[in-house]
Amino acid sequence: MIPFLLRRLVQSIPTLLLASLLIFFVIQLAPGDFLTPAKLNPNISSEQLAALERNFGLDRPAWQQYLLWMGNMFKGDFGLSFQYQQPVLDIIWPRILNSLYLAVMSLVLFYSIAIPLGVYGAVRQNSPGDNAINVVLYFLLGFPSFFLALIVIYFILQLRNATGLDIPIGGMTSNNFDELPVFGQMLDVLKHLIIPALVLAISDAAGLTRVIRGQMLEVMRSDYVRTARAKGVSERTAIWKHTFRNAILPIVAGIGGLLPALISGVGFLEVVFAYPGITPMLLTAIGTQDLYLIAGFTVITTVLLIVGNVISDILLAVVDPRVKVA
Amino acid sequence: MTHQGEVLLAVNGLKTYFNTDDGVVKSVDGVTFHINKGETLAVVGESGSGKSVTSLSVMRLIPMPPGKIVEGEVLFTGKDGKQKNLVTLPEAEMRKIRGNDISMIFQEPMTSLNPVYTVGDQIAEAVMLHQNKNKKDAMVVATDMLRFVGIPAPEKRVNEYPHQLSGGMRQRVMIAMALSCKPALLIADEPTTALDVTIQAQILDLMRKLQSEVGMSILFITHNLGVVAEMADRVVVMYGGRVVEEGDVVEIFKAPRHPYTMGLLNSIPRPGEYVHVPGQPKGRLEAIPGNVPNPLNLPVGCAFEPRCKFAVPDCSKAVPALEDTGQGHMARCIRWREFDQAQHEVSA
C-alpha cells in the first residue's frame, strides 16, 4: 500500500505541472490583466500604476511570473490574491471546504436515490414502475439544475407562507448560528445543505440510475447468478449479494473522478442559493483576472482529482479481489 | 448395467415455450423421460435441440418472462421420500430443493463462479442454506468437499478467489459445491465442453467416482457421444425440442432406430477411417447436412425430415409418434421398422 501511494504521488507531479502550466498561460491569453481597470482610471497616476505593477510582479514576462509562482508553490505558498490582498490558500480553502460539504452531501443523496431506483428498474424491467421512474428522471435531467432550484425555491416559499415552517432556502447558516452549541451548528449547516444537495442529486440521478440498471441487467444474466440460484438462494440474496456486488464495480471505479466534477457541479446551486462556496468567488476572480486565485483553485482541483482517483483505486481493490493495489 | 430401481425423476409431456418479438419459440415441446435412482441418463442433441432448456425447466430456472412452462409435470422424489410435482411447487419449496435435492453444474466453469467471493464462501453458502450450519462449520464442510473432489491443499484453496484457479480446478469447485449437500440428482449441463481433453477425462473420472460414493443419479447433458458412451446408462436423443430416440446406451450405439441418431454416430471421428493412411483412399468424416430448423418455424411433420436422407413424402405430414421398438427402446420415426429389419439382416 505505501509503495503504491508513493508511486502515485510521484506520478502526479507531471500531471500537476502540466495542469498549472496550462491554466497559467490560458489566463494570460485574455487581453489585459488585473490592473487594466486601474489603467483606465484617470485618477490613478502612472507612477502609482508602475508601483502596483512592480508590486504584483505584472511587469515581468509571463514565464518569469510562472517560474516564481511554481517555485513558491513548492514551499506551500500559492501566492497572493490581487483583489483580497491575502494569501490565496487562506481565502479559497474555507470556500472549497464549503463546496466540498455540499458536494459530498449531494453525492450521498445521489447514490441513495440512484442505487435503489436502478436496482428496482432492473429487477422489474419494463414494468409500469420502471417506466414511470425513467420518465420522471429524464424529465428532471432535462431541466438545468439552476432552473430546477428556482422552482424548488418558489415552492418552498409557498410552503413557508402556508405553514410557517422555517425551511432555509439560502446561505449556509442561520442568523443565530454563533449562539448555537457545536452539535446545533452542525445540524444547522445540514439543514441548509439538504435542499441544494437534493436538487443537484435528483437533477442528475437519471444517468447513474440508468447505468446501475444496465449493469444489474447484465450481471443478472451472468452464469454465476444462475449458479447462485441453482444453489437455492433467495431472490434477495441473488440480487443484492450476487448481482449488485458485481454491478457496482465499474461505478466504484468512477467515484474519484466525480469529486472535482461535483465541485463545479454545485456551482450553479451555490449562486442560486447564495451559498458561500468557491464558485461565486471564482467567478468574480475570473472577471477581475485575479491571476493567482484562479491558478491556485485549478491546482487544488487537480490535486483533488488525483486524490479522488487514488481513493477510487483503493476502493476498487477493496471490493474487487481481482484488482491488486500495487 | 441397467438399473431396474425406482424412478427418481419423471418428466411427463413437458412444454417450455419462450415468447419473443418474432413469435413463440417452442424450445421444449412435449418431452417425456425418467431417471431411475443411481442411474446416469444422457440427454444428447445439437445446440438448440432443447436439452439445456429441459434441464433448466426441471430446476425451474427458466427466466420468466420470456420463458414459461406451459404444460407437463416434473415428478421428483426428494431426500424426504415424498414425491412432488416441481412445475407447480411454490417458489419457497423449490428453493429448498435446488442445491439440496437437485444440484447443477454448468458448461462454463470460467464464468459460473462469482468473482468477488472466495470459493470457500461460495460452497459454504449452499451448506449454510440447506444444512443449518453456521459459517465456521460450513467452511469446514467446504474444505472437506474441496479435498473430496481432489483439489490439492484444500485448506489454502478454500480462501482463494475463482480467478486464482484454473478451468479444471474451477469445475472441481463447481462439483464440490453441487455435491456439498449430497443431492439425489445432479444435473450436469455439458460440464466438460469448455475444458481441454486431458482435464475432461479427469473430470469425468471424478464424476463417476463420486457418483458411486454418493449414490446419486446424474442427468448428463452433452453433445459429445464419446462422453455418453463413457458415462451413461441410458440415452435420450433430442431434436427440435422433442425426444426422437430413447434407450439403453449399448442398444442405441449398436442399433440406432432414428436417422438423426445414426447421423450423430456416423459423425464421430474414428482413427483409420478419416486419418489419411498412405496407399488408401482418403476417408472423410460424415456430416449431417443442413442446420437445426428455425425454432420459430418447425416443419409440420418430423422436425428432422428436411435433413434426413431416408425421408419419404409421408414424413412431412404429421409429427411421428414416439414408438416402443422393444426392450425400452423408443424411436420417433415412421420407418424405424425398416431400419430394424436392415440391422437384423446385417447381423444375421
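Laboratory data are not the source of any read-out in this text; all were calculated from the coordinates shown. Keep in mind that what you see is a predicted model, and the values were worked out from it rather than measured. Backbone-built Cβ (ideal geometry, glycine too); neighbour counts: all protein chains shown.
Given +1 on the Cβ of Lys and Arg, -1 on the Cβ of Asp and Glu, and no further charges, what dipole in debye does the range B:47-95 carry about its Cα centre, rounded to the nearest 20?
For this selection, approximately 120 debye.
Over the whole of B:58-65, what's the average partner chain Cβ count within 10 Å per residue? Rounded to a whole number, please. Can you show the working numbers first?
Numbers: counts 0, 4, 1, 4, 0, 3, 0, 2.
The mean count of partner-chain Cβ atoms within 10 Å per residue comes to 2.
Classify the range A:268-317 as rounded, prolate or oblate from the Cα gyration tensor: take a ≥ b ≥ c as the square roots of its eigenvalues, call it rounded if a/c is under 1.5, otherwise prolate when a/b beats b/c and oblate if not. Numbers along the way, then the final one.
Numbers: a/c = 5.15, a/b = 1.74, b/c = 2.97.
Judged from the Cα gyration tensor, the range A:268-317 comes out oblate (a/c at least 1.5, b/c at or above a/b).
Dipole of the range A:1-124, Cα-centred, from +1 at each Lys and Arg C-beta and -1 at each Asp and Glu C-beta, to the nearest 20 debye?
540
Cβ under 12 Å from B:Ala303's Cβ, B:Ala303 left aside: what net charge do those residues give with Lys, Arg +1 and Asp, Glu -1?
Numbers: positive: B:Lys26, B:Arg242, B:Arg307, B:Arg332; negative: B:Asp29, B:Glu46, B:Glu305.
Computed value for this residue: +1.
Hey, can you grab everything whose amide H is under 5 Å from the amide H of B:Asn36? Only 5+ residues off in sequence or another chain; H modelled, so Pro and N-termini drop out.
Counting only residues 5 or more places away or on other chains, the set is B:Leu8.
If you add up the charges near A:Gly32, with Lys and Arg at +1 and Asp and Glu at -1, over every other residue whose beta carbon is less than 13 angstrom from its beta carbon, what do you get?
For residues surrounding A:Gly32, the net value is -2.
Please compute the net charge surrounding A:Tyr292, taking Lys and Arg as +1 and Asp and Glu as -1 over other residues with Cβ under 13 Å from its Cβ.
Numbers: positive: none; negative: A:Asp33, A:Asp77, A:Asp90, A:Asp290.
Every neighbour counted, the sum reads -4.
With the cut-off at 1.5 for a/c, could you classify the range A:44-100 from its C-alpha gyration tensor as rounded, prolate or oblate? Spell out each step's value before the answer.
On the way: a/c = 3.37, a/b = 1.55, b/c = 2.17.
Oblate shape, in that a/c is at least 1.5 and b/c is the bigger or equal ratio.
Need one number: % antiparallel among DSSP beta bridges in chain B, to the nearest 5.
The answer is about 65 percent antiparallel.
Please arrange B:Arg157, A:Arg124, A:Arg95 by counting, for each residue, the other beta carbons lying within 10 Å of its beta carbon, fewest first.
Exposure proxy ranking, most exposed first: A:Arg124, A:Arg95, B:Arg157.
To make sure I understand, if each residue's beta carbon is the centre and we count other beta carbons within 10 Å, what order do B:His163, B:His34, B:His258, B:His344 fall in, fewest to most?
B:His344, B:His163, B:His34, B:His258
Can you give the charge dipole size of the protein assembly as shown about its Cα centre, rounded to the nearest 20 debye, using +1 on the beta carbon of Lys and Arg and -1 on the beta carbon of Asp and Glu?
Details: 57 positive and 58 negative charges, 140 e Å.
For this selection, approximately 680 debye.
How much of the DSSP bridge set in the protein assembly as shown is antiparallel, in percent, rounded to the nearest 5?
65
Too long at a 22 Å Cα-Cα cut-off: which of B:Lys51/B:Lys96; A:Lys231/B:Lys84; B:Lys135/B:Lys156?
Where the Cα-Cα span goes over 22 Å, the pairs concerned are B:Lys51/B:Lys96.
How would the protein assembly as shown be classified by its alpha-carbon gyration tensor: rounded, prolate or oblate, with rounded meaning a/c under 1.5 and the a/b versus b/c comparison settling the rest?
Verdict is prolate for the protein assembly as shown.
Put +1 on the Cβ of each Lys and Arg and -1 on the Cβ of each Asp and Glu in chain A; which of A:Leu22, A:Tyr275, A:Tyr120 then has its Cα farthest toward the positive end of the dipole?
A:Tyr120
Give the distance, in whole Å, between the Cα centre of the range B:1-77 and the Cα centre of the range A:1-47.
Here the two parts' Cα centres lie 71 Å apart.
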